[in-house]
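Okay, structure first, notes after.
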Amino acid sequence: MDAGPPKADTGQVLELLRRWTLVVILLGVIGTLVELLLLEHYEEPLQYVPLVLLVAALAVIAWLAMDYGPAGLRAMQILMVLYVLAGFAGFVAHFVGSAEYQLELDPDMSTMDMLEKVLHAKAPPLLAPGMMLQLGLLGLAYVYTDRGWRKGALRLFQFLLPKE
C-alpha cells in the first residue's frame, strides 16, 4: 500500500515560505532602487526618502541573513512601518506634484479636469509609491510569521484572546 508523499512539517513549510518572502522583498528592494536611480529620483530632498529606506532595507536584510535574531526582526519591523508610511506620503507627494504641474499648464482648469489629468499622468506616476507600501506590508508579514515573534505578540495581546 502506497502511503503517498511524506507529509511536510508545518514549521518547515512556514520557514521555507518565510525565506522565499525575504528573497521577494530583496528582489523588490533592488528593483525599486535601480529604477529610482535610473529615473534620477534624487532632484529634491523629499525624493531621497525612498532611496534611504531602500538602502536601509539592504542593510537590514544582510543583518538578518548573517545574524538572525530579535534585534534584526525589530529593525525590520520598524523599517517596514516606515515603508508603509513612505508609500502613503509618496502618493500624496506625487498627487500634489502632478496637480501643481497641471494647474501651471492651465490655471483655469476645473477640479474634475485636474483630477482626471492627475490620475492619467505618467509623470509623476501616481501609484508608483504603492511599491513601497507593498514591500512594507510584505516585510511586516515576514516579521510576524516568526515563531518567537508570534509568541511574544500573543503574550502582549493575551487579554484579547477568549477565556476558556
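Laboratory data are not the source of any read-out in this text; all were calculated from the coordinates shown. For clarity, every value in this text was computed on a predicted model and none was experimentally measured. With ideal geometry, Cβ positions are generated from the backbone for all residues, glycine too; neighbour counts draw on all protein chains shown.
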- Note on the structure: Under the helix-only model (-39500 (n - 2.57) for each DSSP H run of 4 or more, divided by the residues of the chain), the mean residue ellipticity at 222 nm, to 500 deg cm²/dmol, is -25000 deg cm²/dmol
- Note on the structure: Given trypsin sites (Lys or Arg not before Pro), DSSP loops and at most 11 other Cβ atoms within 10 Å, the longest exposed-site-free stretch of the chain is 8-121
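For the range 14-146, with only Lys/Arg (+1) and Asp/Glu (-1) charged at the beta-carbon, what is the dipole magnitude about the Cα centre, in debye rounded to 20?
Numbers: 5 positive and 13 negative charges, 147 e Å.
Around 700 debye, computed over the range 14-146.
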- Residues S98, S110, sorted so that the one with the fewest Cβ neighbours within 10 Å comes first: S110, S98
- Summing +1 per Lys or Arg and -1 per Asp or Glu among the other residues with Cβ less than 14 Å from L64's Cβ gives 0
- Query: Contour minus end-to-end for V55 and A89, with contour as 0.36 nm per residue of separation and end-to-end as the Cα-Cα distance?
  - Reply: 10.4 nm
- Value of relative contact order over the chain, rounded to a whole percent, pairs C-alpha under 8 Å and six or more apart: 27 percent
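Which of the DSSP-defined H helices in the chain satisfy a minimum axial length of 15 Å, computed from C-alpha atoms, and a minimum mean Kyte-Doolittle hydropathy of 0.5?
The answer, listed by residue number, is 10-38, 48-66, 70-105, 130-144.
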